[in-house]
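Every read-out reported here was derived from the displayed coordinates using simple, explicitly stated rules and does not represent laboratory data. This structure is a prediction, so every number in the text was calculated from the model and none was measured. Note that we place each Cβ from the backbone using ideal geometry, even for glycine, and neighbour counts take in every protein chain shown.
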Amino acid sequence: MALRTVALCAIVLPMAALACVANEVTMKIDEALSRKMEGSRGGEPLGVIINLEHRDDLAPLMSKGIKPDLVYQNIPAFSAVLTPDQIRDISSMPQVKSIELDTKANALKRP
């Protein structure tokens, strides 16, 4: 019985660890962006905002061919137009905190 327990742990624990890693990557991609990626035909590029862990984390992404459209000054983030494959690729990078769909922002009117 002890041998079965060890064998089960040897199989189940690595699978659980993989599930956690896969879930973490999925969690980096915003739900609205994920839905848009699923509906994207032929790898249509999408406007995204990439939130970084640190301001200095832009260089590793640029080395992968990611070209920022706009680099934010007050937060470690930038906007870009990426294909779904590029989004999935950079989502596994430790420098990337989150990726969200870039949408039009509306300022609230004062009364």
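Applying the Karplus relation 6.51 cos²θ - 1.76 cosθ + 1.60 with θ = phi - 60° to the range 101-107 yields 3J(HN,Hα) values of 5, 7, 10, 5, 9, 10, 7 Hz, where x marks Gly and Pro. Among the trypsin sites (Lys or Arg not before Pro) in the range 74-111, those located in a DSSP loop and surrounded by at most 14 other Cβ atoms within 10 Å of their own Cβ are 104, 109.
The distance between label points at residue 40 and residue 97 comes to 2.2 nm (points 7 Å beyond Cα on the Cα→Cβ vector). Database remark: amide H of residue 46 closer than 5 angstrom to the amide H of 82, 83 (H placed geometrically; neighbours at sequence offset of 5 or more, or on other chains; Pro and chain starts carry no H). For the pair residue 54 and residue 88, a Förster radius of 22 Å applied to the C-beta separation gives a FRET efficiency near 0.50, rounded to the nearest 0.05. Note on residue 108 and residue 81: with the Förster distance fixed at 30 Å, the Cβ-Cβ geometry gives a FRET efficiency of about 0.65.
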